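These notes concern the structure reproduced below.
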Amino acid sequence: MVQAFSTWLHGTRLSWAVAGGVPWIWPLCETLHFMGLALLVGIVGVFDLRILGMAKGLPVGPIQRLMPWAILGFSINLVTGSLFFAGDPFQYIHNVAFGFKLLFIGLAGVNVIVFYVTGLYRHVDGIGPGHDAPLAAKVAAAASLFLWVGVMYWGRMLPFIGNAF
Amino acid sequence: MMPLLASLENSGFGTWVRESSSLWAYPTILFMHTVGLGFLVGLNVAIDLRILGVAEKLPLAPFEKFYRVMWAAFWINALSGTALLVADATTKLTNRVFYIKMACIFFAVMSMVLIRRRAFGAAADRAAVAAPARALAAMSLVLWAGAITAGRLMAYFGPVSGAPGLQNRLP
């Protein structure tokens, strides 16, 4: 099914355009992908590092106001990443690094869902300046940092472990 | 000048970074450069956004603690960047885009230092930050975007460099 979808995708005008049919789409998307990365890692980093005890003067609740910017970064990367895939699906579908990258993104998503569903989110939201986060939240924050750094690792390994670019 | 760059590039270290098939050579150094970018630029952007008025309920002063991480990320990138530069000295140092990237980073780091002086002083806890600090924050966003753009476009303008087999799609 993946094979059939990829074959169809590869035949579309979009794929043609991204893969060089329209010059500069690929480099433009790469540049945006790095900007999205910085937005996501920076904002999520502020939240996770605060939970872990750095910059404890920050109340945790209001950090949520920065989150739309992290979501913007993630969205930029979802769109540009999908365009890379559309441009040349076959260099990704058999690529081990790509599989791990998707897995790590998925696990980071699960981590966020668990954070909300278990009510940890509400607990953490009320933590004021100078106060410690509970251990469970710290574990989630450490997992989040590990997983996003992991996503960067697998993304970077796309050309080296697999052979995409 | 060219013989010097060639000898750098062909040094044992330069050759190892560029041509070793080990994942610890070019791939890992490039990965370190990406992680450094994420934390250096990302935390700068978070501080810039706060200064520009996003999440005003957050006190600004505690953000100063992130400077430690930002400087660590800066040095990771200075070191990994130097290694990548040595490996491709003849191509990168003759690429105009490289100097644009360096200029952007120089001024972005200057504004990072100036923001620390301007916005993290006695006035730090005021919700609204003074206009000069806001101008610096806006400039910082533009400069980091410029550094990222120039860094990426080095692969597309001028002489081709990078690990053999790692080819970017030339438009």
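The values are calculated or read from the model by the stated rules, or taken from the named source; none is laboratory data. It should be emphasised that the depicted structure is a prediction, and the values quoted were computed from it without experimental measurement. Heads up, the Cβs are rebuilt from the backbone with ideal geometry, glycines too, and the neighbour counts pull from every protein chain shown.
Here are some notes:
- Here A:A55 meets each of (1) under 23 Å from B:F63 (Cα atoms); (2) more than 7 Å from chain B (Cβ to nearest Cβ) with one exception, condition (2).
- Criterion (of a type in the set (V, I, T), in contact (Cβ under 8 Å) with a residue 24 or more places away in the chain, within 13 Å of another protein chain (Cβ to nearest Cβ) and surrounded by fewer than 19 Cβ atoms within 10 Å (Cβ to Cβ)) met by exactly one of A:V112, A:V2, A:V96: A:V96
- Picking from residues in segment B:42-66 that are surrounded by fewer than 19 Cβ atoms within 10 Å (Cβ to Cβ) and within 23 Å of A:F34 (Cα to Cα), the one that is farthest from the other protein chains (Cβ to nearest Cβ) is B:L52.
- Residues of segment A:139-165 that turn out to be out of contact with any Phe, Trp or Tyr (no Cβ under 6 Å at 6 or more places or on another chain) and among the aromatic types (F, W, Y), as a count: 4
- Checklist (1) crowded, with 21+ Cβ neighbours inside 10 Å; (2) of a type in the set (A, V, I, L, M, F, W, C); (3) touching a residue at least 40 places away in the same chain (Cβ under 8 Å) applied to A:I43, failing item: (3)
- Of the residues making up segment B:1-36, those that are within 14 Å of another protein chain (Cβ to nearest Cβ), part of a helix (DSSP H, G or I), free of Cβ contacts under 8 Å to residues at least 12 places away in the same chain and hydroxyl-bearing (S, T, Y) number 2.
- With respect to the stated conditions, B:R116 fails to be in contact (Cβ under 8 Å) with a residue 40 or more places away in the chain, of a type in the set (D, E, K, R) and more than 30 Å from B:P62 (Cα to Cα).
- So A:S82, is it within 30 Å of B:P62 (Cα to Cα) and under 16 Å from the mean Cα position of the chain (by Cα): no
- Selection status of A:A143, out of contact with any Ser or Thr (no Cβ under 8 Å at 6 or more places or on another chain), away from chain B (no Cβ under 13 Å) and small (G, A, S): yes
- Residue-level analysis places A:S82 among those that are free of Cβ contacts under 8 Å to residues at least 24 places away in the same chain, small (G, A, S) and assigned to a helix (DSSP H, G or I).
- Per this entry, A:I71 is counted among residues that are under 27 Å from A:A17 (Cβ atoms) and among the β-branched types (V, I, T).
- Segment B:86-103 residues that are within 14 Å of B:Y156 (Cβ to Cβ), paired with ones that are modelled with pLDDT of 95 or more and aromatic (F, W, Y) (beta carbon under 7 Å, 6 or more apart): B:K92/B:F98
- Between B:F74, B:F39, B:F106, the distinction of being among the hydrophobic types (A, V, I, L, M, F, W, C), within 9 Å of chain A (Cβ to nearest Cβ) and in a helix (DSSP H, G or I) belongs to B:F39 only.
- Hey, A:G87 in contact (Cβ under 8 Å) with a residue 24 or more places away in the chain and closer than 30 Å to A:A4 by Cβ or not: yes
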